[in-house]
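Asker: Got a structure here, written out as structure tokens. Questions coming.
The values are calculated or read from the model by the stated rules, or taken from the named source; none is laboratory data. Computed from a prediction, not measured in an experiment: that's the story for all the values here. Using ideal geometry, Cβ is built from the backbone for each residue, glycine included, and neighbour counts are taken over all protein chains shown.
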Amino acid sequence: MGKHSVIVLISVLFCSCSTLDQSLQLGGSVGALSGGVATYSGYSAGGKSPQLETVLIGAGIGAVLGLATSYFTHQAVVEDRRSCEADQIEMHFGDLPPSPFVIPKNNSKKGVR
């Protein structure tokens, strides 16, 4: 794994998004970076000198793939959140039933002496 590939991998692992716009920005930029690095590395490993045009084409293809992937991934996460929210019962701290393991010190039902 080359030095450039490690940088791309680290950037993917430590980034997250909460909105579709952020997901598309991150997906497009990481895809473009990955495509450009992969094209450059592929030509360099083959002993050829990569031209700027071919690296830009690789970056463009990577950007399109990154945008598509981030869009579909974001939509899947939104659907998962919706289904989880619909299945869960909304409960607040005050709604909890009393614990059967807590015995009150003063039992008011026996009477007061």
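Asker: Looking at region 50-67, which of its residues are closer than 12 Å to Gly27 by Cα and without any contact (Cβ under 8 Å) to a residue 12 or more places away in the chain?
Answerer: Selection gives nothing.
Asker: Being of a type outside the set (A, V, I, L, M, F, W, C) and surrounded by fewer than 19 Cβ atoms within 10 Å (Cβ to Cβ) is the filter; apply it to region 17-39 and report the residue that is modelled with the lowest pLDDT.
Answerer: Result: Ser18.
Asker: Further question: Can you tell me which residue in region 51-102 is modelled with the lowest pLDDT, limited to those that are among the aromatic types (Phe, Trp, Tyr) and part of a helix (DSSP H, G or I)?
Answerer: It comes out as Phe93.
Asker: Now for a separate question. Among the listed residues Lys105, Lys48, identify the single one that is of a type in the set (Lys, Arg), modelled with pLDDT under 85, out of contact with any His (no Cβ under 9 Å at 6 or more places or on another chain) and not in a helix (DSSP H, G or I).
Answerer: Lys105
Asker: Between a first residue in region 37-49 that is free of Cβ contacts under 8 Å to residues at least 24 places away in the same chain and hydroxyl-bearing (Ser, Thr, Tyr) and a second residue that is surrounded by 16 or more Cβ atoms within 10 Å (Cβ to Cβ) and in a loop (DSSP other than H, G, I, E, B), which pairs have beta carbons less than 9 Å apart while being 6 or more apart in sequence or on different chains?
Answerer: Between residues of region 37-49 that are free of Cβ contacts under 8 Å to residues at least 24 places away in the same chain and hydroxyl-bearing (Ser, Thr, Tyr) and residues that are surrounded by 16 or more Cβ atoms within 10 Å (Cβ to Cβ) and in a loop (DSSP other than H, G, I, E, B), the close pairs are Thr39/Pro50; Tyr43/Pro50; Ser44/Pro50.
Asker: On to the next question. Determine whether Gly42 is at pLDDT 90 or above and crowded, with 16+ Cβ neighbours inside 10 Å.
Answerer: So Gly42 does not fit the description; no.
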